Amino acid sequence: MAAREIIIEISPEGVVRGDISGFGGKNCREMAKLLAEIVGEEVSFDPNSEYFQGEVHLGVDVNTDEH
Amino acid sequence: MSGIVVVAPMIVPAAWPVVVSAASAVLVAMGFSAVEETVRTIAEEKVNLETRTGVRQEVEIEVKNVEEVSSTIGREEEMVFRKEEVEVRISRDVRGRVRVCVSGEGHSKAELKELGETLAGKVIQQYVYNRLIEEMKKRTNMELVEQSIDDDENIHLKLRSWED
């Protein structure tokens, strides 16, 4: 089993910084949105490399030249 | 890591009970005592103020991180705490605006303002902590596995769940 973790820092002014790990992609974004919904307003969201893991990205080159 | 989110706090009117709980925790920890009822109406408090004697300095601070509503949300409410000659009143008006009023004898306005701003910050921090603990427990399967406060008074929490 893999661990999912959120490390939260609440500043003396109440600003929250949430370091979300182990979720990956869409679930990570959903968790960030949930934190914002609970606390207040999202100021920023910075995805990193793991954020994109588990998501499939397809690149398709279409050649429309007819010979 | 997957991502880092930064969120600014915003007190929603429906969460007033969480503010009451946060304010009580902060002020009691700082040596204040709740005066009579924990929550009473502003009208009742005004009567008490009029009967008081002596020269008292007073400052009022409006808490900025509050979601104001256009319609009324119910009656005005106020909590009153006292420690020696200093009295702190935290109130909510009918539009949800929250104010911290600090008064006391033998203190300058600057001292009372500094105390009020410190209290307002601590109440917001405690409000955010209470909301996070309560809502994350209710809405996710994540468990609180660590918590601490550092020298700069930042609260640190670690929540964890296991993915099958």
Enumeration of residues in segment B:96-111 that are within 23 Å of residue B:22 (Cα to Cα) and either among the small types (Gly, Ala, Ser) or assigned to a strand (DSSP E or B) (or both): B:96, B:98, B:99, B:100, B:101, B:102, B:103, B:104
Selection status of residue B:122, within 29 Å of residue B:61 (Cα to Cα), at the interface with chain A (Cβ under 9 Å from one of its Cβ atoms), of a type in the set (D, E, K, R) and not in a loop (DSSP other than H, G, I, E, B): yes
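Yes/no per residue for (1) touching a Gly at 6+ places or on another chain (Cβ under 6 Å); (2) more than 7 Å from chain B (Cβ to nearest Cβ); (3) over 23 Å from residue B:126 (Cβ atoms); (4) not small (Gly, Ala, Ser):
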{"residue": "A:4", "(1), (2), (3), (4)": "yes, no, yes, yes"}
{"residue": "A:8", "(1), (2), (3), (4)": "yes, no, no, yes"}
{"residue": "A:12", "(1), (2), (3), (4)": "yes, no, no, yes"}
{"residue": "A:18", "(1), (2), (3), (4)": "no, no, no, no"}
{"residue": "A:26", "(1), (2), (3), (4)": "no, yes, yes, yes"}
{"residue": "A:30", "(1), (2), (3), (4)": "no, yes, yes, yes"}
{"residue": "A:38", "(1), (2), (3), (4)": "no, no, no, yes"}
{"residue": "A:42", "(1), (2), (3), (4)": "no, no, no, yes"}
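Matching residues to (1) part of a strand (DSSP E or B); (2) facing another protein chain (nearest Cβ under 10 Å); (3) surrounded by 14 or more Cβ atoms within 10 Å (Cβ to Cβ):
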residue	(1), (2), (3)
B:79	yes, no, yes
B:94	no, no, yes
B:128	no, yes, yes
B:161	yes, yes, yes
Scan of segment A:1-32 for residues that are among the basic types (Lys, Arg) and at pLDDT 95 or above, ordered by number: A:17
Scan of segment B:130-139 for residues that are exposed (fewer than 15 other Cβ atoms within 10 Å of the Cβ) and facing another protein chain (nearest Cβ under 7 Å), ordered by number: B:139
Any hit, segment B:112-119, residues being surrounded by 18 or more Cβ atoms within 10 Å (Cβ to Cβ) and in a strand (DSSP E or B): no
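The values are calculated or read from the model by the stated rules, or taken from the named source; none is laboratory data. The structure presented is a predicted model; accordingly, all values stated were derived computationally and were not measured. Virtual Cβ from ideal backbone geometry, glycine too; neighbours counted across all protein chains shown.
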